[in-house]
Amino acid sequence: MAFEKQATVLGSDVYYRIAPEAKRYTLRDNGFTETNGGNFQLIRSLEATPQSKEGFKLKITVDKDIQTLKMSVTTGNGLKSVNLFKGSQHEMLQKKFYFLMDGFISRGLFEKVV
């Protein structure tokens with residue numbers, strides 16, 4: 001998966017881009033960690049208990065220039081992308097995904113693309 005100016009997770013019709021005012025410290029303050037390549041990555045569980053090693057995980061990676069990003073929802077081991085928006089069995093996880101993304105928007109990290 002390549003970095004893009006705007007990104008979304010599999011199945012969602014809402015796209016996000018990095019806010020122009022986002023900085024390195026904004027990413028770190030919101031739980032992103034710097035990778036060996038200089039990019040910033042966040043891996044957050046979408047399950048009810050964050051300590052759980054099972055369930056789905058939201059992975060967001062922002063490039064080191066803070067211009068492009070990629071995002072996905074994966075299985076617990078992170079090897080396979082998952083479509084949360086296929087059917088209604090994952091409705092709670094869909095709400096949690098949008099809640100997390102709205103929090104990042106309110107903190108000046110991302111913007112919704114209309």
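Each reported figure results from applying straightforward, stated rules to the coordinates on display, with no laboratory input. Fair warning: this is a prediction, and the values are worked out from it, not measured in the lab. A quick note on method: Cβ atoms are made from the backbone with ideal geometry, for glycine too, and the neighbour counts reach across all protein chains shown.
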**OP:** Alpha carbons only, please: Rg and Dmax for the stretch 6-113, in angstrom.
**Re:** 13.4, 38
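Between VAL113 and GLN67, what's the calculated FRET efficiency when r is the beta-carbon distance and R0 is 25 Å? Round to 0.05. Don't skip to the end; give the middle numbers.
On the way: r = 14 Å, r/R0 = 0.58.
Result of the calculation: an efficiency of 0.95.
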**OP:** Report the label-to-label distance for SER81 and THR33 in nanometres (one decimal), using points 7 Å from each Cα along the Cα→Cβ vector.
**Re:** 2.4
Original post:
Summing -39500 (n - 2.57) over the DSSP H runs of n ≥ 4 in the chain and dividing by its residue number, what mean residue ellipticity at 222 nm do you reach, to the nearest 500 deg cm²/dmol?
Top reply: -6000 deg cm²/dmol
Original post:
Put +1 on the Cβ of each Lys and Arg and -1 on the Cβ of each Asp and Glu in the chain; which of ALA19, LEU93, SER81 then has its Cα farthest toward the positive end of the dipole?
Top reply: SER81
**OP:** Place the peptides 93-99, 33-39 in order of packing, highest mean first, counting for every residue the other Cβ atoms within 10 Å and averaging per peptide.
**Re:** 93-99, 33-39
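Let me have the relative contact order for the stretch 6-113, percent, based on Cα pairs under 8 Å that are six or more residues apart. The partial results should precede the final answer.
Numbers: 186 pairs, mean separation 35.2, N = 108.
Worked out over the stretch 6-113, it gives 33 percent.
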